[in-house]
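A.B. asks: If you scroll down you'll find the structure; I have some questions about it.
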Amino acid sequence: MVGIRAKLRPIERAAFIKGYAEKTFKNIIQSGPGAFGNAATRLEAFVVKGGTFAYGNYPDIDALYQQQAVELNHQRREAILHEIQQLVYQRTIYAPIWQLAFINGVGPRVGESGFGLIARFPYTSPYEDITLKGT
């Protein structure tokens with residue numbers, strides 16, 4: 001408990017995405033992005049100036065991002081991306097708070113549901129491993 005009070009305002013998904021991209025939300029924004037890509041593409045959207053979901057920026061992080069974008073040495077590029085991630089962490093640009101609250105159900109005919117077969121994966125997977133009890 002850290003003593004932060006917040007009021008939840010549920011909003012329809014399309015309106016949320018639009019408002020988030022247009023940067024009309026203030027204070028705390030709960031988001032669970034699962035964008036495809038790598039560290040660079042995810043950082044670009046949330047941290048780099050002009051990023052779809054970036055509400056602010058730091059010139060030094062922007063410069064590092066541009067530097068990694070043209071770096072041909074894989075190890076050096078990886079090191080730059082790690083440096084950006086460390087700066088994001090140190091400056092608390094995001095306060096990652098996660099509550100896995102998926103609602104799941106398993107019926108009486110299910111033998112092994114698949115929940116928990118892949119650590120920290122919230123879905124029943126892989127489907128090939130889900131079994132049914134004999135009828």
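The values are calculated or read from the model by the stated rules, or taken from the named source; none is laboratory data. Not measured: the values here are computed from a predicted model. Cβ: placed from backbone, ideal geometry, glycine included. Neighbour counts: every protein chain shown.
A.B. asks: Given the conditions (1) on the phi > 0 side of the Ramachandran plot; (2) in contact with a Gly (Cβ under 9 Å, 6 or more places away or on another chain), report the number of the one that ASN27 does not fulfil.
C.D. replies: (2)
A.B. asks: Can I ask one more? Quick one: which residue in GLY37, GLY51 is touching a helix residue (DSSP H, G or I) at 6+ places or on another chain (Cβ under 9 Å) and at positive phi?
C.D. replies: Among GLY37, GLY51, only GLY37 is touching a helix residue (DSSP H, G or I) at 6+ places or on another chain (Cβ under 9 Å) and at positive phi.
A.B. asks: Please verify whether LEU64 is in contact with an Asp or Glu (Cβ under 7 Å, 6 or more places away or on another chain) and not in a loop (DSSP other than H, G, I, E, B), treating the condition exactly as stated.
C.D. replies: In short, yes.
A.B. asks: Just the residues that are in contact with a Lys or Arg (Cβ under 7 Å, 6 or more places away or on another chain) and either part of a loop (DSSP other than H, G, I, E, B) or modelled with pLDDT under 80 (or both), please, taken from the range 108-135.
C.D. replies: Across the range 108-135, the qualifying residues are ARG109, GLY111, LYS133.
A.B. asks: Of ALA79, ALA101, which residue is under 26 Å from the mean Cα position of the chain (by Cα) and at pLDDT 80 or above?
C.D. replies: Being under 26 Å from the mean Cα position of the chain (by Cα) and at pLDDT 80 or above holds for just one of ALA79, ALA101, which is ALA79.
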